[in-house]
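Chemist: Pasting a structure below so you can have a look.
The values are calculated or read from the model by the stated rules, or taken from the named source; none is laboratory data. As the structure is a computational prediction, the values presented were derived from the model and not from experiment. Here the Cβ is made from the backbone with ideal geometry for all residues, glycine too, and neighbour counts use every protein chain on show.
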C-alpha cells in the first residue's frame with residue numbers, strides 16, 4: 001500500500017499572510033503527522049498563534065507524546081499565554097505505522113470527512129478549539145489503514161465559503177460527487193474543494209482556507225518516499 | 001514566480017528505517033526552509049541523531065534564528081551530547097521571501113548543485129559535518145531568486161552510489177544531461193537522480209539516499225500553495 005497526502009492552501013483575499021499553519025513531520029516511531037492549526041481572526045496575529053500551537057504540538061510529538069496529550073498541552077499553553085481570550089483550531093492526522101492506523105485528533109467545530117468503501121461519514125461530534133478553557137478535550141478517532149480509505153480535513157474557511165451570499169458550501173455533498181468519479185488523486189480532491197469554495201466567495205476568499213486530503217492506494221511502482229511543495233511568490 | 005520543491009528518498013537496502021531526516025517548515029518571517037540531516041552509519045541509531053539535529057534546527061529557525069547560527073548550535077549540541085564521536089551532515093535550503101533569496105547552508109562534504117542560465121556550478125568548498133569539533137562552521141551561499149534557478153541538494157548515499165562496483169556516480173554530469181532536456185519538473189529530476197543511483201547500486205542501495213530539488217518557475221495558473229506526500233508502507 002501507499003499513503004498519499006495532498007494539501008491546498010489559499011490566503012484570505014488581500015491578506016498576505018495566512019492565519020493557518022500546516023506542517024508535516026516524521027513521528028519518532030515511524031509514520032508521519034500532519035498538524036494543521038487556524039488562529040482566531042486573520043493576518044499576522046492569527047499566524048503567530050497558529051505557528052505557536054503547531055510548534056508546541058510537533059515538539060511534543062517528536063518526544064513521543066501521544067497526539068491527544070499534545071493537543072491538550074497546546075491548549076493549556078495557549079490558555080495560559082492569552083488568558084482564554086484567543087482560540088485556535090487544531091487537527092492532527094497521524095499515520096501510525098506501529099498500529100497500522102490513522103489517528104485523527106480534532107479540536108475544531110469543522111467536521112472531518114472519512115470515506116470508506118463507498119460510504120462517506122462526517123465526523124462532527126461537538127469539538128471546541130484550543131485555548132478557550134482549562135478543560136478542552138480533543139475528539140479522537142482511530143481508523144485502520146486500508147486501501148480506498150479517504151480522509152479530508154479542513155479549516156473553517158471552507159465551511160464559511162459562500163455564506164455571505166447565502167449559498168454555503170456543503171462539503172459532504174461535494175465529496176460524495178467527487179468520489180463517484182474515477183479515483184481522483186488527493187491533489188485533485190483538495191484542489192477541487194478549494195476551487196469550489198473560492199467560486200462561492202466570488203473569487204475573493206473571505207477567510208484563509210486549508211484543505212488536507214489523505215488517501216490509501218494500492219502500491220504503485222517504486223518504494224521511494226516523495227514530497228513536493230509549490231510556493232507561489234511575488235518577489236519582484 | 002513560483003517555487004517548486006521535490007524530494008525523493010529511499011532507505012538503504014534491507015534497512016527499514018532511514019538515517020536521513022528531512023522536514024520542510026515555514027519560516028516565521030515568510031518563506032520556508034528544507035532541513036536535511038544524515039546521521040553517521042544507518043538504522044535506528046543514525047535516525048535518532050539526524051532527528052535530533054533536525055528538531056534542534058527547526059526549533060531555532062522557528063524562533064527567528066539565522067540558518068548559520070542554527071547549524072552551529074546543532075553542531076555544538078551534538079558535540080556535547082556525543083563527545084565528538086558521532087557526526088551528522090546538515091543542509092538547509094531556505095526560501096527567504098524577505099530578501100528575495102535562497103540561502104544555502106551546508107555542513108556536508110557532498111556538494112550542492114546550482115543551475116542558472118544554462119550553467120551548472122557545484123558548490124564543493126570543503127565543509128565538515130556537525131558534531132566533530134567545537135569549531136564547525138557551515139558553508140553559506142545566498143542566491144537571488146530568479147526564474148530558471150535550479151538547486152539540487154543530496155546526502156552522501158548519492159555520492160557513494162556505484163563505488164562498490166568501481167563506477168561511481170557523477171552527479172554534475174547527470175544534471176547537465178538532464179537540464180539540456182525540455183524543462184524537467186523538480187520531481188522528474190529528483191526521481192531520475194535517485195533511480196540512476198539505485199541502478200549503479202544494482203537495485204540495492206548501499207546507503208540511505210535523499211535528493212532535494214528546488215526550481216523557480218514562472219507563475220503557472222492559480223495562487224494556491226500545494227504540498228503532496230507519498231509514503232509507501234508495508235502494513236499487512
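Chemist: Among the residues of the stretch B:83-94, is there at least one that is in a loop (DSSP other than H, G, I, E, B) and surrounded by 20 or more Cβ atoms within 10 Å (Cβ to Cβ)?
Modeler: yes
Chemist: For residue B:30, are the conditions met, namely being in a loop (DSSP other than H, G, I, E, B), at pLDDT below 90 and within 22 Å of residue A:51 (Cα to Cα)?
Modeler: On the way: in a loop (DSSP other than H, G, I, E, B): yes; at pLDDT below 90: yes; within 22 Å of residue A:51 (Cα to Cα): yes.
In short, yes.
Chemist: Still on this structure: Whether any residue in the stretch B:129-144 is surrounded by 15 or more Cβ atoms within 10 Å (Cβ to Cβ), out of contact with any helix residue (DSSP H, G or I) (no Cβ under 8 Å at 6 or more places or on another chain) and without any contact (Cβ under 8 Å) to a residue 40 or more places away in the chain is what I want to check.
Modeler: Yes, the stretch B:129-144 has at least one match.
So that you can scan it fast, the table gives a plain yes or no per residue for (1) more than 26 Å from residue A:195 (Cα to Cα); (2) within 13 Å of another protein chain (Cβ to nearest Cβ):
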| residue | (1), (2) |
| --- | --- |
| A:23 | no, yes |
| A:70 | yes, no |
| A:78 | yes, no |
| A:101 | yes, yes |
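Chemist: As an exercise: evaluate residue A:23 against (1) within 30 Å of residue B:16 (Cβ to Cβ); (2) buried (at least 18 other Cβ atoms within 10 Å of the Cβ); (3) out of contact with any helix residue (DSSP H, G or I) (no Cβ under 7 Å at 6 or more places or on another chain); (4) without any contact (Cβ under 8 Å) to a residue 40 or more places away in the chain and give the number of the one condition it does not meet.
Modeler: Status for residue A:23: all satisfied but (3).
Chemist: Here is a follow-up. Take the stretch A:50-68 and flag every residue that is surrounded by 18 or more Cβ atoms within 10 Å (Cβ to Cβ) and in contact (Cβ under 8 Å) with a residue 60 or more places away in the chain.
Modeler: A:53, A:67
Chemist: Within the stretch B:121-236, which helices (runs of 4 or more DSSP H) (wholly inside it) include 1 or more residues that are under 19 Å from the mean Cα position of the chain (by Cα) and at pLDDT 95 or above?
Modeler: Working: elements: B:156-160, B:171-180, B:186-200.
Counting at least 1 such residues, we get B:186-200.
Chemist: Next question, about the same structure. Among the numbered criteria (1) buried (at least 16 other Cβ atoms within 10 Å of the Cβ); (2) out of contact with any helix residue (DSSP H, G or I) (no Cβ under 9 Å at 6 or more places or on another chain); (3) facing chain B (nearest Cβ under 9 Å), which single criterion is violated by residue A:185?
Modeler: Looking at each condition in turn, residue A:185 falls short on (1).
Chemist: Being part of a helix (DSSP H, G or I) and farther than 24 Å from residue A:6 by Cα: is that true of residue A:73 here?
Modeler: Answer is yes for this residue.
Chemist: Residue A:74: touching a residue at least 24 places away in the same chain (Cβ under 8 Å), touching a strand residue (DSSP E or B) at 6+ places or on another chain (Cβ under 9 Å), within 11 Å of chain B (Cβ to nearest Cβ) and crowded, with 22+ Cβ neighbours inside 10 Å, yes or no?
Modeler: no
Chemist: Does residue A:48 count as assigned to a strand (DSSP E or B), within 11 Å of chain B (Cβ to nearest Cβ) and under 30 Å from residue A:161 (Cα atoms)?
Modeler: no
Chemist: Which residues, counting only those in the stretch A:95-113, are surrounded by fewer than 21 Cβ atoms within 10 Å (Cβ to Cβ) and part of a strand (DSSP E or B)?
Modeler: Across the stretch A:95-113, the qualifying residues are A:96, A:101, A:103.
Chemist: Here's another thing I want to ask about it. Name the single residue that is farthest from the chain's Cα centre (by Cα) among those in the stretch B:1-15 being surrounded by fewer than 22 Cβ atoms within 10 Å (Cβ to Cβ) and at the interface with chain A (Cβ under 7 Å from one of its Cβ atoms).
Modeler: B:1
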